[in-house]
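The values are calculated or read from the model by the stated rules, or taken from the named source; none is laboratory data. Given the structure is predicted, the values throughout are model-derived calculations rather than measurements. Positions of Cβ are backbone-derived with ideal geometry, glycine not excepted, and every protein chain shown enters the neighbour counts.
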C-alpha cells in the first residue's frame, strides 16, 4: 500500500501494469552498438515520433591548456555560425531552409568533459537531420572573417 495525500492506494494488477508501462516510456533501455570504425551509437526507443541525435566529442575545458584555453567552446560556436560561407555542400540560407522545412532544432554545448552537437527532429526526418549535422561538422567553410568576428 502507498499513501498519496490523505488516500491509501492498494496496488492491483492494473496499477502495476500502468507503472510498468510508464517505466518503459520514461526509462527506455539504452542499447549501445559499436560500429567497425569504433564509433559508438547509443539508441533508445521511446515510442514517440521524435528523435534526438547527437555527437559527443571528448573536447572540453579539461583537455585545454593555458595556450589553447577556450578552443572547444570557440569551435562549438563556429560550427553553427557557418555564416556567409555555409558548407562545401550547402549555402548558409540552404542550411537554414532545410532545418526549418523539416521542423528540426540544432544546438550545441560545451562542458568540462565534452563538446556536444545535437539535432531534435521528427523520427521521419532522422536521416535528413543526420546528414545536415554531419555536413556542418565535417564540411563547414570557416573563413578568416568569420573567425575574427567570433573572437
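Please go through (1) assigned to a loop (DSSP other than H, G, I, E, B); (2) modelled with pLDDT under 90; (3) under 26 Å from residue 147 (Cβ atoms) for residue 72 and return the number of the only condition it doesn't satisfy.
(1)
Collect the residues in segment 136-148 that are out of contact with any helix residue (DSSP H, G or I) (no Cβ under 8 Å at 6 or more places or on another chain), surrounded by 12 or more Cβ atoms within 10 Å (Cβ to Cβ) and assigned to a helix (DSSP H, G or I), keeping them in residue-number order.
Listed by number, the list holds a single entry, 139.
Here is a yes/no grid of residues against (1) under 25 Å from residue 58 (Cβ atoms); (2) modelled with pLDDT under 90:
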site	(1), (2)
102	no, no
114	yes, no
124	no, no
128	no, no
133	yes, no
142	yes, yes
147	yes, yes
